[in-house]
Amino acid sequence: SPVDTGAFRGNHRVAVGSIPSGYDLSSTDTSGSTTIAKAQQEVLSARIGDTIYIYNNLPYAIPLENGHSRQAPLGIYTVALMNALRR
C-alpha cells in the first residue's frame with residue numbers, strides 16, 4: 001500500500017467473524033511489519049467456516065482504492081486480490 005505517514009498501512013486490519021468500526025490515526029507502520037504480524041496472528045485464530053475480513057476503515061481508504069495515489073494508481077486491495085487469484 002502507499003505510504004506517507006504510515007497511517008494507512010498501519011490501519012490495515014484483519015478480523016475473524018465481523019468488521020469492527022473505527023480507525024486509529026496514531027497507528028502508523030511505515031514498514032508494514034507490525035501490521036503483517038498482527039494480521040498473521042488473527043488469521044491463525046480462525047477456524048474452518050469462519051469469515052475472515054481484510055479491511056481499512058480510514059476515511060481516505062476508498063479514494064486510495066480507487067486510484068487516488070501516485071504510489072498505487074490501480075488501488076490496493078483489488079490488486080492484491082488479483083495477484084492472489086493468479087497463483
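The values are calculated or read from the model by the stated rules, or taken from the named source; none is laboratory data. It should be emphasised that the depicted structure is a prediction, and the values quoted were computed from it without experimental measurement. Glycine gets a Cβ as well: all are built from the backbone with ideal geometry, and neighbour counts include every protein chain shown. Protein only, heavy atoms only, side chains kept; ligands, DNA and RNA dropped before computing areas. Shrake-Rupley method; radii C 1.70, N 1.55, O 1.52, S 1.80 Å.
Of all residues in the range 15-53, those that are open to solvent by 60 Å² or more (accessible area, probe 1.4 Å) and in contact with a helix residue (DSSP H, G or I) (Cβ under 7 Å, 6 or more places away or on another chain) total 4.
Kindly establish whether Arg87 is at pLDDT 95 or above, surrounded by fewer than 13 Cβ atoms within 10 Å (Cβ to Cβ) and among the basic types (Lys, Arg). The answer is no for Arg87.
Taking every residue in the range 32-57 that is within 28 Å of Val3 (Cα to Cα) and pairing it with any residue that is among the aliphatic types (A, V, I, L, M) and assigned to a helix (DSSP H, G or I), at least 6 positions away or on another chain, the pairs with Cβ-Cβ distances below 7 Å are Ile52/Val43. Taking the range 1-57 as the range and being closer than 18 Å to Thr78 by Cα, in contact with a strand residue (DSSP E or B) (Cβ under 7 Å, 6 or more places away or on another chain) and among the charged types (D, E, K, R) as the test, only Arg13 passes.
Being in contact with a strand residue (DSSP E or B) (Cβ under 7 Å, 6 or more places away or on another chain), surrounded by 11 or more Cβ atoms within 10 Å (Cβ to Cβ) and in contact (Cβ under 8 Å) with a residue 24 or more places away in the chain is not true of Tyr60.
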